[in-house]
Amino acid sequence: MVDKEELELTLKKLVVRLKTSQEHRQLHTLVQIIQDLLFLAHTDYAAELFEDKDVHQPLMLVLSSYSNSKGVQQVGWSLLCRLIEVCPSMLERLTRPLQAAADWEVLGVHQQILKVLAQYGSDCRVTMVGLRALALLLRSDRLLLLVLEEEEEDVLGLVVQAMKMFPTSEEVQLQGCAALQTLLESVSDEHLLEFVENQDHGVVLAALQSFTDSPPLLLQAMKVLFPLARPGSNVEILMSGGARCYSVLIAVMDTFPEVEELQETACCLFRKFTLESYYNILVVNGVQRVTVRACQAFPENANLQAAALSCLADLTATVVQNRAVAEQGLEEGEEEENRGREEVEDMGLGWMEVCCTALELHAAEPAVQEAACWAIHNLLLHGAGLSHSVEEQDGRTPIHRQLMAAMLLHSSSPQVFKAATSAIATLIMHNSKTRSLLLSGGLHVNLVEMMKRFSTLAEVSVSACELLRLLFQGRTASLDELNMAVGQILNAMKAHNFQPEVQLAALQASLVFLCPDRSLRQHGVSVADPDTADVSLKVLKNQCVVEGAHTVYLETLNRFISSVSIQTCGLKVLSALADCSGAVDLLCQQGAIDTVLHTLQMFPMEREIHYWSLTLLCYLVSKKKLSRMIVPVLASVLVASIKQYRDDQEMLLKGFQVALRMMDACSEAAAYLQRENFDRQIFQQFREESSDQTNRTVS
């Protein structure tokens, strides 16, 4: 075996010969020198031998001088490729100014490689080596920029032309795709759009379809699709009938289910292709099938799990719809579409276990946790996975604990928080037992802490308020819980006072605390001791009024006067506070009656708004606080409401109660009510009641 010292001596001699004046030298001699150097570059000592030798300088000089020699170009660029592979510093050295003799005009390496590709575009071997060299040179950010800025040659055009010229050469296609990937990742969206508009992406699709048995080439071609799919309009073309990239990717995943990198890349591409307008076509072609299988085959691959589960989360609703259509077709004996029982089963939602496994194995990966939580949320939302137990089975952590863990472990991620809270909320709606388990685990405390941590993020406040509402629905909270939760809810309303979604979620959560629905029962027994609950609730309400909660709620009603949901919920909340000591005085001072009247005028046809407006007016209308200036308007609005709901006994009772309060509070109220024909409404009611009693007696 040749030792290292002998190889070093041989290398020195070859470098000297390569640097020697090249006039009158035979081409075959020069080619042999380069071939000998190439042999040394493939030995075990290659990295040590070439590390401190500036072989690239004379080599580039030779390549420039013998640009018309196909043999020199082929072997010379092969040597340069090998040097880049074995010497990490070679790319940096190539970017420095070349130390060439004064009488030689030497092009930069970026210019030379483009010239070779242009000059030898019809020669397969030189093109193959040239593309390989280009792909390696593009690893240098400096050379990448120089190549893209080169005006004389269009590098993208040269690569595409080479791939078109030699469609059956696997190496040309492989190296061409490698170069395209790097180039396209670095250009603007405008260039990407132009690339696809010119149908240049066709060479990539052709490579995918022609070399179906070559995983390395398939992988490299798929990686080119990543940058191409950046602009939305390009995705449309890639998903269109002509390209049908989804079909190609599914075929690749089916052919090589054991090749992890291929499966990962395909799942990541499907994530890019999963736009709402393509949900149906993806589901019909079985994307959910191959992505679930990939998750099951490679549970440890975080990138694959995040991409696949995100894709599945988006496709869940469409899978459900298609499954319903397919099952209906089977029931009706639909044969023309060949909908077999097996195909229908293939449309199932069988990835709850995959989601739970991903949560467990990738607890430290926020992207996986977020994707798994959304996937679980959508599965539960559409009725799948309901049999998943909240109790520990076979050593598997219950799903509610996994979701809580995701939230706590990634408390710095608002995205994971929103996904986890959405999944937990859906779980509660499907399994009432979960509520007590989550509360015993202190979830409500965590929610309040997250609201404090991300006080500037509206979406965090919305998610937290919605989950607090579900957690305490049908359960009377302790005084400490009430103070903690309601205080933070009010802080969120103040911080996001112009965000209607925050205001609505906060009002709904406030209502659960301030007006608990004791008709709800949990596990067949009452949820709280009524006496203790009344005391805590009264204390909380008084404290809310003292701290100005009514002002926050009233401001929300005034600011979002056109929102039916906010008005309805806000009126309920104020009605719940109105029985507190001093609340009526404060509300009237701040114009609450004006607000209620405005709301009634805005929504003449909304029964619930009228009901809660009249309920609140029953508290607000009093001798001390009813201004004579407002009595005419109040009388007009009240009688209009009574007329509107004259056939609704509950609403009539509310209206008559407000009228009584008005006449008791103001001596002029009766006259104003009479002007609005209030007396006719009373007599009409008497006549209808008498008629009903007569009919009942006769019958």
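The values are calculated or read from the model by the stated rules, or taken from the named source; none is laboratory data. Since this is a predicted model, take the numbers as computed values, not measurements. With ideal geometry, Cβ positions are generated from the backbone for all residues, glycine too; neighbour counts draw on all protein chains shown. Areas reflect the complete protein model, heavy atoms only, side chains present, ligands, DNA and RNA absent. Shrake-Rupley method; radii C 1.70, N 1.55, O 1.52, S 1.80 Å.
How would segment 567-699 be classified by its alpha-carbon gyration tensor: rounded, prolate or oblate, with rounded meaning a/c under 1.5 and the a/b versus b/c comparison settling the rest? Since a/c reaches 1.5 and a/b is larger than b/c, the shape of segment 567-699 is classed as prolate. Projecting the Cα positions of VAL31, LEU617, ALA458 onto the charge dipole of the chain (unit charges on Cβ atoms of Lys, Arg, Asp and Glu, taken about the Cα centre) puts LEU617 furthest along the positive direction.
Projecting the Cα atoms of PRO216, TYR279, THR255 onto the charge dipole of segment 204-307 (Cβ charges, centred on the Cα centre) puts TYR279 farthest toward the positive pole. Taking the charge dipole of the chain about its Cα centre, with +1 at Lys and Arg Cβ atoms and -1 at Asp and Glu Cβ atoms, the residue from HIS400, VAL203, GLY121 reaching farthest to the positive side is HIS400.
Treating only the Cβ of Lys, Arg, Asp and Glu as charged (+1, +1, -1, -1), what charge dipole size does segment 168-299 show about its Cα centre? Round to the nearest 20 debye. Each step should come with its number before you reach the end.
Working: 7 positive and 16 negative charges, 87 e Å.
So the magnitude is around 420 debye.
For the chain, take the longest principal axis of its alpha carbons; what is the angle in degrees between that and the long axis of helix 500-514, to the nearest 10 within 0 to 90? Helix 500-514 and the main axis of the chain meet at about 50 degrees.
Once the Cα atoms are used to define both axes, helix 124-137 deviates from the longest principal axis of the chain by about 50 degrees. The angle between the Cα long axis of helix 549-559 and the main principal axis of the chain comes to about 70°, on a 0 to 90 degree scale.
Please compute the net charge surrounding GLU185, taking Lys and Arg as +1 and Asp and Glu as -1 over other residues with Cβ under 15 Å from its Cβ. Each step should come with its number before you reach the end.
Numbers: positive: ARG139, LYS223, ARG230, LYS272; negative: ASP141, ASP189, GLU190.
Neighbour charge sum, excluding GLU185 itself: +1.
Among 267-273, 256-262, 370-376, the peptide with the highest mean count of other Cβ atoms within 10 Å heads the list, and the full ranking is 370-376, 267-273, 256-262.
In the structure displayed, which of LYS572/LYS643; LYS452/LYS572; LYS4/LYS53 lie more than 21 Å apart, Cα to Cα?
Correct reply: LYS572/LYS643; LYS452/LYS572.
Placing unit charges on the Cβ atoms only, positive for Lys and Arg and negative for Asp and Glu, gives the chain a dipole magnitude near 2440 debye about its Cα centre.
What is segment 231-270 by shape, rounded, prolate or oblate, if you read a ≥ b ≥ c off the alpha carbon gyration tensor as root eigenvalues and call it rounded for a/c under 1.5, prolate for a/b larger than b/c, and oblate otherwise? Judged from the Cα gyration tensor, segment 231-270 comes out oblate (a/c at least 1.5, b/c at or above a/b). The accessible surface of the chain, taken with every protein chain in place and a 1.4 Å probe, is 48 percent carbon and sulfur.
Counting only other residues whose beta carbon sits under 12 Å from that of ALA266, what net charge do I get with K and R as +1, D and E as -1? Numbers along the way, then the final one.
Details: positive: LYS223, ARG271, LYS272, ARG293; negative: ASP254, GLU260, GLU261, GLU264.
After counting each charged neighbour, the total is 0.
Heavy atoms of the protein chains alone define the surface here; on that basis the chain has 46 Å² accessible area per residue at 1.4 Å probe size. Name the shape class, rounded, prolate or oblate, that the alpha-carbon gyration tensor gives for the chain, where a ≥ b ≥ c are the square roots of its eigenvalues, rounded holds for a/c under 1.5, and otherwise prolate holds if a/b is larger than b/c and oblate otherwise. Note, shape of the chain comes out prolate. Taken about its Cα centre, segment 244-330 carries a charge dipole of roughly 280 debye when the Cβ of each Lys and Arg holds +1 and the Cβ of each Asp and Glu holds -1.
Run the reach check for LYS70 against lysines, Cα to Cα strictly under 17 Å, same-chain hits fewer than 8 apart removed. What comes back? Cross-link targets: LYS115. If you take every residue apart from ASN280 with its C-beta less than 13 Å away from the C-beta of ASN280, what net charge results, scoring Lys and Arg +1 and Asp and Glu -1? Every neighbour counted, the sum reads -1.
Couplings 3J(HN,Hα) for segment 370-381, derived from phi with the Karplus relation 6.51 cos²θ - 1.76 cosθ + 1.60 (θ = phi - 60°), are 4, 4, 5, 5, 5, 5, 5, 4, 6, 5, 5, 4 Hz, where x marks Gly and Pro.
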